[in-house]
Amino acid sequence: MATSTTRSVILVKNGRVYDHAGDVHLPPVADLLIVDGIIAAARAGIAAAVGRGETLAELGTRAIDQTIDATDKLLMPGFVNAHYHSHDVLLKGCFETIPLELWLLSALPPSYPKRSTAEIRARTLVGALECLRSGMTTVQDLATIYPFDEGHLEAILQAYEDIGIRCVFALQFTDTAGAKSIPFWEEVVPAERRGALAGAVEPFQGVDLPKLLRDIVTSQRRRHPRIALALGPTSPERCTPALLQDLAELSDTEKLPVYTHLYESRAMTLIARQTHAAEDGGSLISYLKRVGLLTPRMNLAHSVWMLPAEIDSIAEAGAHVVLNPVGNLKTRSGVAPIRTYLRKGLRPALGCDNCSCSDAQNMFQSMKLFAGLAAVSQPEPGPPTAADAIWSATVGGARTAGLEGQIGALQPGMAADLSIIDLTDPSFVPLNSVARQIVFTEAGRGVETVIVDGRVVIADRKVTTIDERALREEVADLMKVLRRDVEAVTRRTNAMLPYLMEAQRKTWQVDIGLNRYVGNATTEIFSLAPARFFARFRSARGNGKSLRGVRKRPCWTAIGELDTVGQARIDWV
Ligand SMILES: [Zn+2]
């Protein structure tokens, strides 16, 4: 049973109420009674009974504080953004589609000077607002605060509390330098330039990490019923076994979900093959199992480059997979084996990932890609259906939040987290199937009202809890500094580009046992490399030994070799 601090009674009347187990195409018209933040009843006839002056068992002597007329509207369970980062919200639109490893350097906090507390609060609010406006009522924020600052942590949590979205917060951390976990970075980048290399997060300096994590749990876990906590090791290959074993214990004793990135890109998979060959057979799933983290509380974001045997282990352990199809495309990371997950009984949750790599907090986009991406290799019809996508975006996310049975469906006893969507919008005219039009047609335009924890936080498309105009003005002001920093980081990353691209190409040359690109993407890495690039590379390195073994071979030779690898090992959805 969900809990809430909201004290009011809301009646939402005469709307179509989406029920995962009911008619998902034409949900029947019904009323929803919300008492103190919890759905007390969802059935037809409540409004009529109230109109006749009858006493409702669910209401007792309480009066209705607010009635929302949902005629010609749809009541949807609030979406759960199961993988999100608030730290780069203000960088949306700053980058083209670039490989993950280049984007890491360009967009993430360790590459930037320490931010102001005002910026931290503003970006958290903007991100949460974007989520709310597209019908998300819960966000799972795996946030990097680098360098760590208690005031910044407080600013983030207070922002979530103030705007009124439900949040599962996980501080992102590591105890290994980022450069060590990207294949060939340390090998190809000259020592004097390695200072510019960083990962998604770097080890906190002068901080006792296990103690910090326990302190956060102790001080923040009962902060507010809408804010829960999780643990956020950035990715297994960037954490030592000792740290992960400690986390497994903490997760177990405190019953905390764990959020981590797994096999997002080909490079992340290769590093696992290279560094975990001895004890774990090159498998991060085996590594997680060994340190005690492969449990039902483990949530594996991305899981693009996953081997079939590893999927079996995840299913066996009851761990969860969180797919982020939009971000995976924008970072050129490949396509997750969606059909294989479904076939093996795993029902993924969905996330929208970073604002600078997706670049939208929009679950409609994620659902549509989730439902459609299997087509890159599967011409025959089959799952996921539109209703499957909605389930993943709601119930699937609730499971990863540790809130299964509390959010994700509009059932009595569950938290009143929902959106009200206008069915007179062109997206729903004519209304043939709610589930299909939500997934394939709607883009978020129809989201009118959003209720979280029984509190109306978006009314008539406007946020009720904060001053949106003042926030906009503050962001405009903050961007004067941030924009200068973005330009400086971009200049630094561009100067490193020849080395980074050499590392990419070296990565491509190694067989990692599977392929998550359509056809033979490996051809492009060679055939699209312009002569101009090589000239630039040579002048940058000046030692003439760059791209050894690759540059000297005709393209077709390299393609032929990799082609064989791709076709022999391909594991398509
Ligand atoms: Zn992420």
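PRO109 meets the conditions (1) in contact with a Leu (Cβ under 9 Å, 6 or more places away or on another chain); (2) at pLDDT below 95; (3) closer than 30 Å to GLY402 by Cα in every case but one. The failed one is (1). Take the conditions (1) surrounded by 21 or more Cβ atoms within 10 Å (Cβ to Cβ); (2) touching a His at 6+ places or on another chain (Cβ under 9 Å); ALA415 misses just one of them, which is (2). Among the residues of the range 421-466, the ones that are under 23 Å from LEU125 (Cβ atoms) and touching an Asp or Glu at 6+ places or on another chain (Cβ under 9 Å) come to 16 in all.
Across the range 307-330, which residue is surrounded by the fewest Cβ atoms within 10 Å (Cβ to Cβ) among those that are among the aliphatic types (A, V, I, L, M) and within 16 Å of the ligand (Cβ to nearest atom)? Explain how you work it out, then say what you get.
Step one: list which residues in the range 307-330 are among the aliphatic types (A, V, I, L, M), which gives 307, 309, 311, 314-315, 317, 319, 321-323, 326, 329.
Checking the rest, the ones that are also within 16 Å of the ligand (Cβ to nearest atom) come to 321-323, 326, 329.
Details: VAL321: 27, VAL322: 28, LEU323: 30, VAL326: 23, LEU329: 16.
Result: LEU329.
Evaluate the range 223-236: report whether one residue or more is surrounded by 15 or more Cβ atoms within 10 Å (Cβ to Cβ), of a type outside the set (Lys, Arg), part of a helix (DSSP H, G or I) and at pLDDT 95 or above. Yes, the range 223-236 contains at least one residue that is surrounded by 15 or more Cβ atoms within 10 Å (Cβ to Cβ), of a type outside the set (Lys, Arg), part of a helix (DSSP H, G or I) and at pLDDT 95 or above. So, ASP359, is that one within 22 Å of ARG297 (Cα to Cα) and within 16 Å of the ligand (Cβ to nearest atom) or not? Spelling it out, it is not the case that ASP359 is within 22 Å of ARG297 (Cα to Cα) and within 16 Å of the ligand (Cβ to nearest atom). Does the range 369-423 hold any residues that are among the β-branched types (Val, Ile, Thr), closer than 24 Å to GLU448 by Cα and in contact with a Pro (Cβ under 7 Å, 6 or more places away or on another chain), and which are they? If the condition is that a residue be among the β-branched types (Val, Ile, Thr), closer than 24 Å to GLU448 by Cα and in contact with a Pro (Cβ under 7 Å, 6 or more places away or on another chain), then THR394 is the only one that fits. Every test in (1) away from the ligand (no atom under 16 Å from the Cβ); (2) farther than 29 Å from ILE216 by Cβ; (3) of a type outside the set (Gly, Ala, Ser) is passed by LEU229 save one, and that test is (2). Selection of the range 396-412 for residues being hydrophobic (A, V, I, L, M, F, W, C), within 18 Å of the chain's Cα centre (by Cα) and part of a loop (DSSP other than H, G, I, E, B) yields ALA401, LEU403. Scanning the range 455-471 for residues that are surrounded by 13 or more Cβ atoms within 10 Å (Cβ to Cβ), assigned to a helix (DSSP H, G or I) and free of Cβ contacts under 8 Å to residues at least 12 places away in the same chain gives no hits.
For ALA387, only one of the following conditions fails: (1) in a loop (DSSP other than H, G, I, E, B); (2) over 27 Å from ALA309 (Cβ atoms). What is its number? The one condition ALA387 does not meet is (1).
Out of ARG238, ARG221, which single residue is within 15 Å of the ligand (Cβ to nearest atom), in contact (Cβ under 8 Å) with a residue 24 or more places away in the chain and basic (Lys, Arg)? Break it down stepwise before answering.
Numbers: ARG221 fails: within 15 Å of the ligand (Cβ to nearest atom).
The unique qualifying residue is ARG238.
For the range 111-123, the criterion of a residue being crowded, with 19+ Cβ neighbours inside 10 Å, among the aliphatic types (A, V, I, L, M), outside any loop (DSSP other than H, G, I, E, B) and within 16 Å of the ligand (Cβ to nearest atom) is satisfied by no position. For the range 365-379, check the following and say yes or no: at least one residue is in contact with a His (Cβ under 7 Å, 6 or more places away or on another chain) and in a loop (DSSP other than H, G, I, E, B). Scanning the range 365-379 turns up no residue that is in contact with a His (Cβ under 7 Å, 6 or more places away or on another chain) and in a loop (DSSP other than H, G, I, E, B).
As a summary of the residue check, THR260 satisfies the conditions (1) part of a helix (DSSP H, G or I); (2) buried (at least 23 other Cβ atoms within 10 Å of the Cβ) except for the one numbered (1).
Here is a yes/no grid of residues against (1) within 23 Å of HIS85 (Cα to Cα); (2) of a type in the set (Ser, Thr, Tyr); (3) within 16 Å of the ligand (Cβ to nearest atom); (4) not in a helix (DSSP H, G or I):
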residue: GLN245; (1), (2), (3), (4): no, no, no, no
residue: GLU249; (1), (2), (3), (4): no, no, no, no
residue: THR253; (1), (2), (3), (4): no, yes, no, no
residue: GLU264; (1), (2), (3), (4): yes, no, yes, yes
residue: MET268; (1), (2), (3), (4): yes, no, yes, no
residue: ALA278; (1), (2), (3), (4): no, no, no, no
residue: GLY282; (1), (2), (3), (4): no, no, no, yes
residue: GLY292; (1), (2), (3), (4): no, no, no, yes
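The strands (runs of 3 or more DSSP E) falling completely within the range 24-96 that include 1 or more residues that are in contact (Cβ under 8 Å) with a residue 60 or more places away in the chain and within 16 Å of the ligand (Cβ to nearest atom) map to 79-85.
Taking the range 181-209, which residues are assigned to a helix (DSSP H, G or I) and either closer than 15 Å to SER111 by Cα or touching a residue at least 40 places away in the same chain (Cβ under 8 Å) (or both)?
The initial filter retains those residues of the range 181-209 that are assigned to a helix (DSSP H, G or I), namely 181, 185-188, 191-196, 209.
Of everything in the range 181-209, those that are assigned to a helix (DSSP H, G or I) and either closer than 15 Å to SER111 by Cα or touching a residue at least 40 places away in the same chain (Cβ under 8 Å) (or both) turn out to be SER181, TRP185, GLU187, VAL188, ARG193, ARG194, GLY195, ALA196.
For the range 5-23, a residue qualifies if it is within 24 Å of TRP391 (Cβ to Cβ) and assigned to a loop (DSSP other than H, G, I, E, B), and the qualifying residues are TYR18, ASP19, HIS20, ALA21, GLY22, ASP23.
If I ask for residues that are away from the ligand (no atom under 15 Å from the Cβ), touching an Asp or Glu at 6+ places or on another chain (Cβ under 8 Å) and within 22 Å of ALA170 (Cβ to Cβ), which ones from the range 344-356 would you list?
Result: ARG347, single match.
The values are calculated or read from the model by the stated rules, or taken from the named source; none is laboratory data. In this text the structure is predicted, and so the values were computed from the model without any measurement. Please note: Cβ atoms are built from the backbone with ideal geometry, for glycine as well, and neighbour counts cover all protein chains shown.
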